[in-house]
1. Calculate I(q)/I(0) for segment 54-109 by the Debye formula, one identical point scatterer on each C-alpha and no solvent, and give its log10 at q = 0.12, 0.15, 0.18 Å⁻¹ to two decimals.
2. For segment 220-364, with only Lys/Arg (+1) and Asp/Glu (-1) charged at the beta-carbon, what is the dipole magnitude about the Cα centre, in debye rounded to 20?
3. Give the accessible area for LYS139 in Å² (nearest 10); use a 1.4 Å probe, count only protein heavy atoms, and leave out ligands, DNA and RNA.
4. Could you pull out the pairs from LYS80/LYS283; LYS100/LYS309; LYS142/LYS172 whose alpha carbons sit more than 22 Å apart here?
5. Only loop residues by DSSP count here, and only those with at most 14 other Cβ atoms within 10 Å; note down the chymotrypsin sites (Phe, Trp or Tyr not before Pro) in segment 59-101 that meet that.
6. Points 7 angstrom from Cα along the Cβ direction at VAL16 and ASN110: gap in nanometres?
7. Taking N as the number of residues in segment 100-214, what is its alpha-carbon radius of gyration divided by 2.2 N^0.38 Å?
8. Which trypsin sites (Lys or Arg not before Pro) in segment 253-294 pass both tests, a DSSP loop state and at most 15 other beta-carbon atoms within 10 Å?
Amino acid sequence: MGNEQLEELRGQLDDVNEKLVELMNERAHLAQEIGRVKSSQGMNRFDPVRERKMLDMIQEKNQGPFETGTLQHLFKQIFKASLELQEDDHRKALLVSRKKHPEDTIVDINGTKLGGGEQHLIAGPCSVESYEQVDAVAKELKAQGLTLMRGGAYKPRTSPYDFQGLGEEGLKILKAISEKYGLSVISEIVTPGDIEKAVEYLDVIQIGARNMQNFELLKAAGSVNKPVLLKRGLSATIEEFINAAEYIHSKGNGNIILCERGIRTYEKATRNTLDISAVPILKQETHLPVFVDVTHSTGRRDLLLPTAKAALAVGADGVMTEVHPDPAVALSDSAQQMDFPQFSEFMNQLELSGLYKSKKTATK
Ligand code: PEP
Ligand code: MN
């Protein structure tokens, strides 16, 4: 008997729940409609005066047994969800977001597929210093089975008196070496007007941390048909980083690689603080390949291997690092670049860790 009564009451409760679901969605449709009207009139979606009126109405109509405060609390949640619905509708998902494009974007650089499940390394000197220097690095990378070489031709330096890079001459050296070894080259461009020129020389255009919010540069890079590696700004939030990528995509170029390179914090033990959790967040929020630059994020040779392992373990599509024939005499970042024996050991250790699969045989 008791059980039958319980079943009966539960049945009634289910009916009410069903009606509530219908009513909530009826309300959601109305809220969406209101959102559209407001947006067409350029009005703010959140209206505190209107919310206050609705809360007062609850007080007026409430006959219990729920306390008014309880109902008002529940309704506040409904208001919040409705507002979010209006905003989602309005904002539309970003082009770089997973919401917009659930599948991973694969950036194909002359056959090397970034973001396609296999992890890759980008290595090379901080700066292009001479043909011979780049040639020596290229030979080493080739021996390690790498296909992507970096090297700075335009160097954004803290001091105007430091080596500023070889400029176009540096791009020419990269191009010549890329042809000689069949390597793809990546280099930073700092001026919107240089983007067109860069397309002739490079396989990937890098936009550096200091230029992450140089919107004219982002738009220029978005207007050409060339993959772009975008680095996170020194003090940029993940949201700002994603929006910077959106600037590139919004102009038509969706071949974007995101690169976490450490952010500025109060910690002085490392050059920057590697924000390792940014990697899975960027992977979740966007469909773009995500790299980690272990050189600039740590500024310490002894941390390159552990941070590279961490990056790969946490789901990065690859790692960027700096290699120089003789770091002690490098014109920039001499304290943190690896020489060839160190690089070879770094590669061996990465492979031994099981986190990186050597491509040595594949490229022979
Ligand atoms: C670089 O990669 O050469 C460089 C300058 O890095 P970042 O822009 O991350 O400082
Ligand atoms: Mn450097």
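The values are calculated or read from the model by the stated rules, or taken from the named source; none is laboratory data. Just so you know, these numbers come straight off a predicted model, no measurement behind them. Positions of Cβ are backbone-derived with ideal geometry, glycine not excepted, and every protein chain shown enters the neighbour counts. Side chains included, ligands, DNA and RNA excluded: accessible areas come from the protein's heavy atoms. Shrake-Rupley method; radii C 1.70, N 1.55, O 1.52, S 1.80 Å.
1. Listed by q, the Debye log ratios stand at -0.51, -0.62, -0.71.
2. For segment 220-364, the charge dipole is close to 280 debye.
3. Result for LYS139: roughly 120 Å² accessible.
4. LYS80/LYS283; LYS100/LYS309
5. For chymotrypsin sites (Phe, Trp or Tyr not before Pro) across segment 59-101 that sit outside H, G, I, E and B with at most 14 neighbouring Cβ atoms in 10 Å, the list reads PHE66.
6. Each label point is offset 7 Å from its Cα along the Cβ direction, giving 7.0 nm.
7. Taking the Cα Rg and dividing by 2.2 N^0.38 Å, one obtains 1.10.
8. Passing both the DSSP loop test and the Cβ count: ARG264, LYS268.
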